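Undergrad: I have a structure here, written as structure tokens, and I will follow up with some questions on it.
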Amino acid sequence: MTTEKLLKAEAWKRLRDNEHVKRALEVALAGGHSVMVIGREGDGKELLDVIMGTQVRFIEPCPCGNHGQRNSPCACTASRIIRYRSTLRFRRALDAAIRVEIFPPRALTPYDAEPFTTVMQRVTQARQLRDKAPRLDIEDAATELYQAAHNRLALTEKQQDAIQRIAMTVARLDDSRTVKAQHMAEAIQYQTLK
């Protein structure tokens, strides 16, 4: 195993209490999607940089960095957060295909993480499926879910496209030749974090 792969495997193992982030990274790696991670410095940014490199944008949730944190109260006023989130830097980060929030680990005890090599096997298989069939059929239930999300969330054209591309990636990671409702639901949730 190369030094780079060893570093990525170690970073993956250390990214604990954030299984949802790991899944988002797996989807991004398989589909070549960009990722925006909301969190504080020290919550795992350095690990994400090792795993994903420039495919990840890391942005603080508010000026003080504590908005939504479990153990650190936010010192920002609502108007300050609104101003911060309307900045060009924050809005550009929202253009990422996948949006996810990272949390600091709850405990420092060892745990058994799924090996990075196993994840990369799924990623490689999904990429091969993409190369064989760039477009997948979408089941009726998935289409209905997509339409409901579109109507309820007033999705932009960019978001609509991202959701469909991500849903296909999730389906491929599942070794599915069609996009099912659960694949669409996962894709939608990556676009609805604000």
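The values are calculated or read from the model by the stated rules, or taken from the named source; none is laboratory data. Being a predicted model, the structure only gives us computed values, none of them experimental. As a convention, Cβ positions derive from the backbone with ideal geometry for all residues, glycine included, and neighbour counts pool all protein chains shown.
Undergrad: Residue under question is residue 167, and the condition is that it be closer than 24 Å to residue 95 by Cα, in contact with a Leu (Cβ under 9 Å, 6 or more places away or on another chain), at pLDDT 95 or above and part of a helix (DSSP H, G or I); does it hold?
TA: Yes, satisfied.
Undergrad: From the set of residues in region 1-42 that are more than 14 Å from the chain's Cα centre (by Cα) and within 22 Å of residue 95 (Cβ to Cβ), which is surrounded by the most Cβ atoms within 10 Å (Cβ to Cβ)?
TA: So the residue we want is 40.
Yes or no, residue by residue, for (1) within 16 Å of the chain's Cα centre (by Cα); (2) closer than 24 Å to residue 15 by Cβ:
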| residue | (1), (2) |
| --- | --- |
| 91 | no, no |
| 96 | yes, yes |
| 113 | no, yes |
| 119 | yes, yes |
| 133 | no, no |
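Undergrad: So which residues in region 24-71 are out of contact with any Leu (no Cβ under 9 Å at 6 or more places or on another chain), at pLDDT 80 or above and under 19 Å from residue 166 (Cα atoms)?
TA: 24, 28, 29, 32, 33, 34, 57
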